[in-house]
1. Would you mind finding the one in 105, 91 that is surrounded by fewer than 16 Cβ atoms within 10 Å (Cβ to Cβ), assigned to a loop (DSSP other than H, G, I, E, B) and in contact with a strand residue (DSSP E or B) (Cβ under 9 Å, 6 or more places away or on another chain)?
2. Among (1) surrounded by 15 or more Cβ atoms within 10 Å (Cβ to Cβ); (2) more than 16 Å from residue 164 (Cα to Cα); (3) under 18 Å from the mean Cα position of the chain (by Cα), where does residue 99 come up short?
3. For the subset of segment 138-177 comprising residues that are surrounded by 14 or more Cβ atoms within 10 Å (Cβ to Cβ) and assigned to a loop (DSSP other than H, G, I, E, B), which member is modelled with the highest pLDDT?
4. For residue 75, which of the numbered conditions (1) in contact with a strand residue (DSSP E or B) (Cβ under 8 Å, 6 or more places away or on another chain); (2) modelled with pLDDT under 95 fails to hold?
5. With the condition kept exactly as written, say whether any residue in segment 115-137 is in contact with a helix residue (DSSP H, G or I) (Cβ under 6 Å, 6 or more places away or on another chain), modelled with pLDDT of 95 or more and either outside any strand (DSSP E or B) or within 21 Å of residue 64 (Cβ to Cβ) (or both).
6. Out of all the residues in segment 54-70, which are in a strand (DSSP E or B) and surrounded by fewer than 20 Cβ atoms within 10 Å (Cβ to Cβ)?
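The values are calculated or read from the model by the stated rules, or taken from the named source; none is laboratory data. Keep in mind it's a predicted model, so treat the numbers as computed, not measured. Cβ coordinates were reconstructed from backbone atoms using ideal geometry, including for glycine residues, and neighbour counts include every protein chain displayed.
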């Protein structure tokens with residue numbers, strides 16, 4: 001590799017690093033419920049009727065059953081998520097499974113940010129695990145993430161597991177991948193010629 005090529009690649013690398021955001025990983029504390037519900041606020045769950053943490057159930061084991069026999073109360077698991085970057089895009093995802101309830105066509109499970117549902121669904125036909133995912137553009141440095149069952153007056157309860165909120169890679173990250181590919185191509189080209 002000649003000096004001119006090396007200088008161009010160095011400048012490109014510096015430009016990429018200036019745009020690169022530090023990867024934050026999963027910002028949800030204990031979203032897999034492996035051993036307990038630490039980090040979560042559980043509201044309107046009737047533990048004596050079976051709602052709450054389930055160590056022997058989940059995908060993998062460990063989940064929360066959002067359940068209350070009273071259809072007037074909405075069982076909820078919520079958590080404040082900190083260290084968001086306003087303007088950045090985040091992917092919120094997780095798994096849910098229908099438990100018990102009466103047939104209803106209305107949405108009965110949802111995920112909300114600061115009280116606004118960004119994902120809602122009616123009860124699935126089966127009792128398998130299903131996944132949800134949606135994008136959220138941060139408007140502040142912290143938000144309240146909540147997962148709710150028995151919404152809209154329905155009485156379907158749900159298990160939840162594997163809750164996650166992760167930043168979408170910024171263009172700087174993609175720039176680094178492209179730069180790495182260019183360097184690799186140049187290395188192999190020079191190796192063939194030598």
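1. Selected residue: 105, the only one of 105, 91 that is surrounded by fewer than 16 Cβ atoms within 10 Å (Cβ to Cβ), assigned to a loop (DSSP other than H, G, I, E, B) and in contact with a strand residue (DSSP E or B) (Cβ under 9 Å, 6 or more places away or on another chain).
2. Result: residue 99 fails condition (3) only.
3. Per the criteria, the residue is 138.
4. (2)
5. No: segment 115-137 contains no residue that is in contact with a helix residue (DSSP H, G or I) (Cβ under 6 Å, 6 or more places away or on another chain), modelled with pLDDT of 95 or more and either outside any strand (DSSP E or B) or within 21 Å of residue 64 (Cβ to Cβ) (or both).
6. 54, 55, 56, 57, 61
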